[in-house]
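Student: Below you'll find the structure I mean.
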Amino acid sequence: MSSNSGSSESPSATVEKSPTILARLARSLKARDWGAAVIEVAIVVIGIFIGLQVDAWNDVRKDRQEESDYLQRLHDDVATLVGMQQQRIETRMERLEDMADAADILIGVAPVTDWSKRHCDALAFSHIYVPLPMALPALDEMLSTGKLSLIRDIPLREALSRLQIQVVRSEEMIARIDGSVRVLSRHYPHAIWESIVPDDESENRRHDTQPACDLEAIRSNPVLLNDVADNYSRYHAYATSGLANTFEHFQQVHDLLDLQLGFSH
């Protein structure tokens, strides 16, 4: 029995592919079917619009997540530094007060009987300027990558910018002061000197320095008194403008971050 000489086409071969939107648009324009052409154009425009909106929504979502991550990192950095800075500020302000009290005794405003070890220590160590810990890795990263604008809260963003400026100013000021301060025990060893003594609290046989002062020798030396006054003026600038003012900027940023994250201390 002979088979049909004509080969039968497979179902898949007989199915006509659906034309694309652009193909249908071209067909409508060729046929001058303006209504269909308008519909096809509208479909293309709406599709593009929806695609752009989805992309924009995804970008916003990513920005908000990144902002949240940076806020948390900034808070952790600032909270840690504020705790460390507060202790250092307290000790430096105590040293400044001891220097002021020592100056009162030296110029005769307060009696010499008020002189004590803390006044001698204040003069002997009046050349030591230790900056505050101020490293903020999260803020440095945001500034270097141009992502500070991710923070939507304008007061916080401005406070961070002011903080960065203050940190630079503080570092520059302390470096400038430290480069010209007088080490009194080095220049006037007959009046102020330091001795090496064992540190009884150390477990590794470490030693410490213990200052000593000859009050009358200090009071009778006008050049030394001038350097004491100069060191006091520099230490006052260091403790107030260099440390206390910087600490206030950190506290302000800390408060604003707490507000943004809903924290309370």
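Student: Can you tell me which of (1) touching a residue at least 60 places away in the same chain (Cβ under 8 Å); (2) over 36 Å from the mean Cα position of the chain (by Cα) is the one Leu160 doesn't meet?
Tutor: Condition (2) is where Leu160 drops out.
Student: So how many residues does segment 110-147 have that are part of a loop (DSSP other than H, G, I, E, B) and basic (Lys, Arg)?
Tutor: So the answer is 1.
Student: Tally the residues that are within 13 Å of Leu224 (Cβ to Cβ) and either crowded, with 19+ Cβ neighbours inside 10 Å or at pLDDT below 90 (or both), restricting the search to segment 171-184.
Tutor: 1
Student: Consider only pairs whose beta carbons are under 9 Å apart and that are at least six residues apart or on different chains; among these, list those whose first residue lies in segment 55-75 and is under 15 Å from Glu141 (Cα atoms) and modelled with pLDDT under 90 and whose second residue is in a helix (DSSP H, G or I) and of a type in the set (Phe, Trp, Tyr).
Tutor: none
Student: Quick check: is even one residue across segment 215-224 free of Cβ contacts under 8 Å to residues at least 12 places away in the same chain, assigned to a helix (DSSP H, G or I), polar (S, T, N, Q) and surrounded by fewer than 20 Cβ atoms within 10 Å (Cβ to Cβ)?
Tutor: Looking for residues that are free of Cβ contacts under 8 Å to residues at least 12 places away in the same chain, assigned to a helix (DSSP H, G or I), polar (S, T, N, Q) and surrounded by fewer than 20 Cβ atoms within 10 Å (Cβ to Cβ), one finds none in segment 215-224, hence no.
Student: Let me ask you something else. Name the pairs whose Cβ atoms lie under 7 Å apart, with the first residue in segment 103-119 and closer than 11 Å to Leu215 by Cβ, the second in a loop (DSSP other than H, G, I, E, B), and 6 or more positions between them or separate chains?
Tutor: Final answer for the pair search is Ile105/Trp115.
Yes/no matrix, rows are residues, columns are (1) of a type in the set (D, E, K, R); (2) closer than 28 Å to Ala159 by Cα; (3) within 27 Å of the chain's Cα centre (by Cα):
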| position | (1), (2), (3) |
| --- | --- |
| Lys62 | yes, yes, yes |
| Asp69 | yes, yes, yes |
| His75 | no, yes, yes |
| Glu94 | yes, no, yes |
| Met99 | no, no, no |
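Student: Among the residues in segment 243-256, are any surrounded by 14 or more Cβ atoms within 10 Å (Cβ to Cβ), within 30 Å of Leu156 (Cβ to Cβ) and of a type in the set (Gly, Ala, Ser)?
Tutor: yes
The values are calculated or read from the model by the stated rules, or taken from the named source; none is laboratory data. Everything numeric in this text was worked out from a predicted model, so none of it was measured. Because the Cβ atoms are built from the backbone with ideal geometry, glycine has one as well, and the counts that use them run over all protein chains shown.
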